[in-house]
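Have a look at the structure below before the remarks.
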Amino acid sequence: MKFYALSGHPNKPCSVLRFKQCTIMLDCGLDETTMLNFLPLPLVPSRRLASLPTWTPKEQPQVEGELRECAGKVFIDSPPEFCPPQTSLIDFSEVDAILVSNYTSMLALPFIVAERGFRGTVYATEPTLHIGRLCMDELLYHMEQTPRAQHAQHWKRLLHLLPAPLCHAYKPKLWRQLYSADAIADAVRRVHTVGYGEKMDVFGALRVMPSSSGYCLGSANWTISSEYEKIVYVNGSSTLTTHPKQLEQAQLRGARVLILNGLTQVPSYNPDDMIGAFCAKVAHTLKGGGNVLVPCCPSGIVYDLIECLAPYLDQQSLSQVPLFFVSPVAEHSLAYSNILAEWLSHNKQVRVYLPEEPFPHGQLVAGGRLRPYKNLQADGFSAEFRQPCVVFAGHPSLRFGDTVHFMELWGGNAANAVIFTSPDFPYLECLAPYQPLAMNYYFTPIDTSLYFSQANKLIRDLKPQALLTPAQYASPVQRSECQLEADCPVLTYRRGDVLTLPVRRAHQRLQLSAELSERLSPVPVGPGVAAATVTGLLHVQDNRHRLDVAPTPASEAASLQELTEARPRYHTYGAVHVPELLQRLTQHDINDAKVEEGPNGVIVHLQEEDTLIQIDASSTHIICGGDETLRCKLRDTLLHCLNKF
Amino acid sequence: MPEIKVTPLGAGQDVGRSCILVSIGGKNIMLDCGMHMGHNDERRFPDFSYIADGSLTEHLDCVIISHFHLDHCGALPFMTEMVGYSGPIYMTYPTKAIAPILLEDMRKVAVERKGESSTSFFTSQMVKECMKKVTAVNLHQTVQVDSEIEIKAYYAGHVLGAAMFHVRVGDQSVVYTGDYNMTPDRHLGAAWIDKCCPDLLITESTYATTIRDSKRCRERDILKKVHECVERGGKVLIPVFALGRAQELCILLESYWERTNLKVPVYFSLGLTEKANNYYKMFITWTNQKIKKTFVERNMFEFKHIKPFDKSYMENPGPMVVFASPGMLHAGLSLNIFKRWAPDEKNMLIMPGYCVVGTVGHKVLNGAKKVEFENPRTVVDVRMAVEYMSFSAHADAKGIMQLIQYCQPKNVMLVHGDAEKMVFLKSKIQQELSLDCFNPANGETCTIVTKPTIAADVSLSLLKRDLQPVAEIGDLRVKRRKLLHGVLMVKGNKVRVLDSDAACAELGVTRHEIRFTSTVTLEDPGPVSRTIDKLHTHLQKRLGITQHLGDGPINIGSVLLQVSGSDQEDLKEAIVSWTYQDDALGSYILNSIKNIDR
């Protein structure tokens, strides 16, 4: 079993497993942090951004205009680019299946599917597909809102001349521009939706099955198993109770290898405290007459934020403050969340039986409290827009989308605040191209993924035979609370690694046909064990092995092949009981047997038949003339006197 | 021989009160737990005493409910709360959401309107307690009921959340279809199942003899009739169940009213409607693709033209169309409206679904011109036009055959249909698909014998050895068939196939080798080497061996052939030696050289 690591980001994983001639890709996460090296793309031309000084390394005029400096840092003035999964390790046309664990780990899917010759099936749950698609659509929409004719390329060749952190960028020549709408549609077409506990067959050789991981709507851990081997892939799991269905552990136990990814990115922040802090910061800012910008993804934590914030503001007598949710997919996201009851936590599911909508945001929208808008130009937005207000908008990196507009609009006023809740991006780097900044900024990251201590407990519960994790989790980092511990061997990987996993196949399941099964009657050989000689014709179809009754060869037209393949019905073992043999021979009118001592046993001499039977502890040799009738008679008599199965 | 035993407690050669007991692999499973709408006495519930005298929980391993129609789940609270059952119950998410509403509604009708004593019927609290015992399942989810029973739900299309269930115990399995529909309609998709090859398929057969005409024709038909009736000032009553067909008909009428700009009011009996539509909204993933795709922009279950109905409207003059529940005219609002409107020949009754024997709906459909009622004792003349529209979403004969072909069962059993119609379908299945087909009556037990197969673990080394496509014998390359030869070992419940040596080693026994050496005297003057050549040429002809061996012995597989004697003697001795494992080949060669001169 081989493992190929195509991504080095533990929370945006992409790896490939090769086993039993199947090639299975585990997630296709997109590393978006590369975006932070780029300048924001404003919806309306920004004089501030346009007037930033350009930065040119000495004597490299072709880079002129590609780089600009803001508050001592250098940025690329171009539409942002992404770092897709490594393409050199594996031929994507060989990928049979892609297992997606949640919508945050599928944004690179259009890149993979667009690879030459890709013909695999993508397995994802229905919410993962819907929400993943919403996220991709949003990315694309934002990017298309701010088209640029020129893409900066020259800087990539002069990496060594650039200041930090640009000079440390990982292989920027591999970075790609975002995919097209067609690529998204192609990727979505490849997806086969599955439910928790649904076993999918991969060429008869393996079965893959998702089970709830508790992280977000439709998030899943995957079990990849044959009859004998089980690999468990855990990415982005949560043991907290928020809105998604709870983590299910039963299926994950006792794996040969547990692949563990996607632990918390902010181990020192408690999500419960952070959501309280978030509400408090919002209320504080609003009371000071300021506006609040919450950069966020269009699904996920934003549901919990809205659900907690609305009643909190009511308590603080701030119920008149409007909550705007600006995203091209805002309406879809809110609507979908309310129709996915099967994928929700128990408490939310119970509401559906009443029947009430599982999330309160339907009510909040109906009551005019929460207002979803496609974008800032959408009908009614300018009329409804009043300050102070809270705006939930994308993209959380502050590099494109409506957040850029609000940062430019509100950044100069110290009463306003931007509150970061996404753990995916370092907030100071997000803010860097907006410096100097008068507005307040807070960081209340909410990451419901497993803590290291929770992960360690999970590993103890699941008892895998080996653990495979990104190198970051096992290296002795600064703090002990950020380290994984396991009783079993721990394997680690970095981007580009190819590992051989400690799984060796020894057996295959063989189905004996009803007809063959009927003919077998195992004989007891020792206590509690029975055995029978079996000969059958092997059929292999769809990697399933079936044994059927072998056709009996026609004796006349025997071919060499049939003759060499023919096997007797029995295996004989143990020693011959000589007196019994002699007694049985008399039944066949052979009365003149003379027993002599031989070198290792006895020799039975049949004088009349001119035949010798040499009997040892573990072998018998019948030496006779050409009379087949006699030989067969002797053979069968001998078989009677031997143990056999 | 292992067997599967099936006993219908209801729905055996009958429609209504679906309840089928299956004994499979030592497990007892109940499929559906319905009530009969045509009876008001103890016949309405299945006879649970048949299952066990003592506790049902001890005897039954699980209960599976296919969908929320009362003839499939109506007896569930009675069984769990009054008879007593606390084992696992499975149904899909929408069924779990909607079934309690219908149960409660039916309970109210029975207890409050018909004045049944509340002691013989379950209470609201019992419905709630019963639903707490239910585990909701998703489509295609493999649910492990216990260490042996595995169930999996497939989409059945019939109503929101309707499912077919595949039940597997060991290597035996049964598929129960519940009610299903093989053609997609305005709000639901078509039933689908994979090729799961169960030992038995238990299918409904409501429309066993019907081949329904195209969906479009039926739709045009009903719309034309409704339109004609309201144009001449008549009132149209459409009895429906609040959930299911009602939604499809509403979507149909809504779009027709929109298109033709009709102003005649359309009402839907209040109460369940709004709630029902809410369920459809929240379980939209269970409807069809088109509704799913457009639901954000336009919710198909919000109607512009269809208004809530108030009892007082019954007396309003002028034309109107009313959807009222229940669908079989056996109680409640639809029956009240019927009594009021039936005597007027301008009016029309459209029955869009199947009616079980004993209901007013069934009587009227069979042409009854007078219907008698008790307390108060009245007789209602039926002058209104009565139309039957085969609109209920059941598979027709073609659909049933199609499903059988999808899932490839080894046996078929028909339930939920009329006895005579079953006979027709049964012979069709036997003739066209050559499958054994059963249609037991209620209380009659069918035994289906299944052939056991053995699943064994085979070592990869043995497989690789025996799967090698080419084996070499001497210099000769023989294409080998995939013949596997080994030892089956049974230890506890572990079954393995090993190669002989490994098996003997593990069993701790020493093999006893048997060798044969037979000597034949041949008359063949000349050098020994010539005799060997002669024998070789002979065997070459018979067996197709190609290699020339020179002076040495001839090796064919493990069979050794030598010639002894001297070049000067006429008589030579051919000695053939082989092991018991190669008995067939050795014996063949021996016989072959004995007959060399013939």
**OP:** Kindly state which strands (runs of 3 or more DSSP E) lie completely within segment A:459-549 and contain at least 1 residues that are within 21 Å of B:Leu460 (Cα to Cα) and within 14 Å of chain B (Cβ to nearest Cβ).
**Re:** A:507-512, A:529-541, A:544-549
Original post:
Of everything in segment A:626-637 that's within 7 Å of chain B (Cβ to nearest Cβ) and touching a Lys or Arg at 6+ places or on another chain (Cβ under 9 Å), which residue is surrounded by the most Cβ atoms within 10 Å (Cβ to Cβ)?
Top reply: A:Gly626
Original post:
Of the numbered conditions (1) among the β-branched types (Val, Ile, Thr); (2) closer than 18 Å to B:Ile20 by Cα; (3) outside any strand (DSSP E or B), B:Val109 satisfies every one except a single condition; which is it?
Top reply: (2)
**OP:** Out of A:Ala566, A:Ala554, A:Ala617, report the one residue that is farther than 25 Å from B:Lys451 by Cβ, at pLDDT below 85 and facing chain B (nearest Cβ under 10 Å).
**Re:** A:Ala566
Original post:
Right, A:Leu260: within 16 Å of A:Leu467 (Cα to Cα), under 16 Å from the mean Cα position of the chain (by Cα) and surrounded by 23 or more Cβ atoms within 10 Å (Cβ to Cβ) or not?
Top reply: yes
Original post:
So which residues in segment A:145-193 are in a loop (DSSP other than H, G, I, E, B) and among the aromatic types (Phe, Trp, Tyr)?
Top reply: A:Tyr170, A:Trp175, A:Tyr179
Original post:
Are any of the residues in segment A:570-580 hydroxyl-bearing (Ser, Thr, Tyr), part of a helix (DSSP H, G or I), surrounded by 14 or more Cβ atoms within 10 Å (Cβ to Cβ) and facing another protein chain (nearest Cβ under 7 Å)?
Top reply: no
Original post:
Which condition does A:Gly195 not pass, out of (1) within 15 Å of the chain's Cα centre (by Cα); (2) surrounded by 23 or more Cβ atoms within 10 Å (Cβ to Cβ); (3) more than 30 Å from B:Val458 (Cα to Cα), if it passes all the others?
Top reply: (2)
**OP:** Output the residues belonging to segment B:57-78 that are assigned to a helix (DSSP H, G or I) and either crowded, with 24+ Cβ neighbours inside 10 Å or out of contact with any strand residue (DSSP E or B) (no Cβ under 8 Å at 6 or more places or on another chain) (or both).
**Re:** B:Thr57, B:Glu58, B:Leu70, B:Asp71, B:His72, B:Cys73, B:Leu76, B:Pro77, B:Phe78
Original post:
When you look at B:His166, is it within 30 Å of A:Arg509 (Cα to Cα) and touching a helix residue (DSSP H, G or I) at 6+ places or on another chain (Cβ under 9 Å), yes or no?
Top reply: yes
Original post:
What are the residues in segment B:194-231 that are in a helix (DSSP H, G or I) and among the acidic types (Asp, Glu), if any?
Top reply: B:Glu219, B:Asp221, B:Glu228, B:Glu231
Original post:
Within segment B:88-141, which residues are touching a Lys or Arg at 6+ places or on another chain (Cβ under 8 Å) and either away from chain A (no Cβ under 13 Å) or at pLDDT below 85 (or both)?
Top reply: B:Pro88, B:Ile89, B:Ile101, B:Phe121, B:Phe122, B:Thr123, B:Ser124
Original post:
Taking the condition surrounded by fewer than 17 Cβ atoms within 10 Å (Cβ to Cβ), in contact (Cβ under 8 Å) with a residue 12 or more places away in the chain, within 13 Å of chain B (Cβ to nearest Cβ) and out of contact with any Lys or Arg (no Cβ under 6 Å at 6 or more places or on another chain), does A:Asp592 pass?
Top reply: no
Original post:
Does segment B:173-193 contain any residue that is surrounded by fewer than 21 Cβ atoms within 10 Å (Cβ to Cβ), out of contact with any Ser or Thr (no Cβ under 9 Å at 6 or more places or on another chain), assigned to a strand (DSSP E or B) and not acidic (Asp, Glu)?
Top reply: no
Original post:
Say we look at segment B:27-56 and pick out the residues that are among the polar types (S, T, N, Q) and more than 25 Å from the chain's Cα centre (by Cα); which of these is surrounded by the fewest Cβ atoms within 10 Å (Cβ to Cβ)?
Top reply: B:Ser49
**OP:** Using the structure shown, decide if A:Ile623 is part of a strand (DSSP E or B), at pLDDT 85 or above and facing chain B (nearest Cβ under 7 Å).
**Re:** yes
Original post:
Since B:Gly157 meets every condition but one in (1) in contact with a strand residue (DSSP E or B) (Cβ under 9 Å, 6 or more places away or on another chain); (2) crowded, with 24+ Cβ neighbours inside 10 Å, which condition does it not meet?
Top reply: (1)
Original post:
For B:Lys534, are the conditions met, namely being more than 9 Å from every other protein chain (Cβ to nearest Cβ), without any contact (Cβ under 8 Å) to a residue 60 or more places away in the chain and of a type outside the set (Ser, Thr, Tyr)?
Top reply: no
Original post:
Can you pull out the residues in segment B:561-598 that are part of a helix (DSSP H, G or I) and hydroxyl-bearing (Ser, Thr, Tyr)?
Top reply: B:Tyr580, B:Ser587, B:Tyr588, B:Ser592
**OP:** Answer yes if at least one residue in segment B:292-313 is away from chain A (no Cβ under 14 Å) and more than 30 Å from A:Tyr353 (Cβ to Cβ), and no otherwise.
**Re:** yes
Subject >> Among residues of segment B:487-527, those that are within 8 Å of another protein chain (Cβ to nearest Cβ), among the hydrophobic types (A, V, I, L, M, F, W, C) and within 40 Å of the chain's Cα centre (by Cα), counted >> reply: 5
**OP:** Take the residues in segment B:558-592 that are in contact (Cβ under 8 Å) with a residue 60 or more places away in the chain and surrounded by fewer than 21 Cβ atoms within 10 Å (Cβ to Cβ), then tell me which one is farthest from A:Thr552 (Cα to Cα).
**Re:** B:Ser577
Subject >> Enumerated helices (runs of 4 or more DSSP H) restricted to segment A:361-450, each holding at least 1 residues that are buried (at least 19 other Cβ atoms within 10 Å of the Cβ) >> reply: A:361-366, A:402-410, A:427-431
Original post:
Taking segment B:454-487, which residues are among the β-branched types (Val, Ile, Thr) and modelled with pLDDT under 85?
Top reply: B:Val470, B:Ile473, B:Val478
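The values are calculated or read from the model by the stated rules, or taken from the named source; none is laboratory data. Only a predicted model underlies this, so the values are computations on that prediction, with no experimental measurement involved. Methodologically, a virtual Cβ is constructed for each residue, glycine included, from the backbone with ideal geometry; neighbour enumeration extends over all protein chains shown.
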